[in-house]
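Here is the structure we will look at, set down as structure tokens.
The values are calculated or read from the model by the stated rules, or taken from the named source; none is laboratory data. Quick caveat: nothing in here was measured; it's all calculated off a predicted structure. The area values use the complete protein model at the heavy-atom level, side chains included, leaving out ligands, DNA and RNA. Shrake-Rupley method; radii C 1.70, N 1.55, O 1.52, S 1.80 Å.
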Amino acid sequence: MFVTDKQRVLQSVAAQLMNGDVVALEEEGQELRVKRVGSGRLRMVQFKLNGRLFEAIEQNREKPSRWGKLACEKHQVVQFRDVVTRKYVAVSVDGEITEYGR
């Protein structure tokens, strides 16, 4: 399967978000601190990609969605949201990126 540059960046962000306190994006020259948000203390980081601002958010294990169920089963699930449109654009499950609307 062909992986685009965008997908490669999303994979990197997801892996770093789930496994550390800092996300480093060398292509964009960014080093970003991972925050804990909400009552579930979920990991979250904002980053720029191709001039757009995105959020990477750890999936809440308590949600009844299929992504929540996967997270509950110990999969690493990260949702990506466009900050301006507030729409979710992709999800990473154990490093596999699925872009919405494609």
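Things to note:
- Rounded if a/c under 1.5, otherwise prolate or oblate - region 12-99, Cα gyration tensor axes: prolate
- Of all lysines in the structure, the ones whose alpha carbon falls short of 19 Å from that of Lys87, not counting any fewer than 8 places away in one chain, are Lys6, Lys48, Lys63.
- Hits among aspartates and glutamates - C-alpha to C-alpha of Lys69 under 18 Å, sequence gap 8 or more where chains match: Glu58, Asp94, Glu96
- Share of carbon and sulfur in the accessible heavy-atom surface of the chain [1.4 Å probe, %]: 48
- Distant-in-sequence amide contacts of Gln30, defined by a placed amide H-H separation under 5 Å and a gap of 5 or more residues or a different chain, comprise Leu25.
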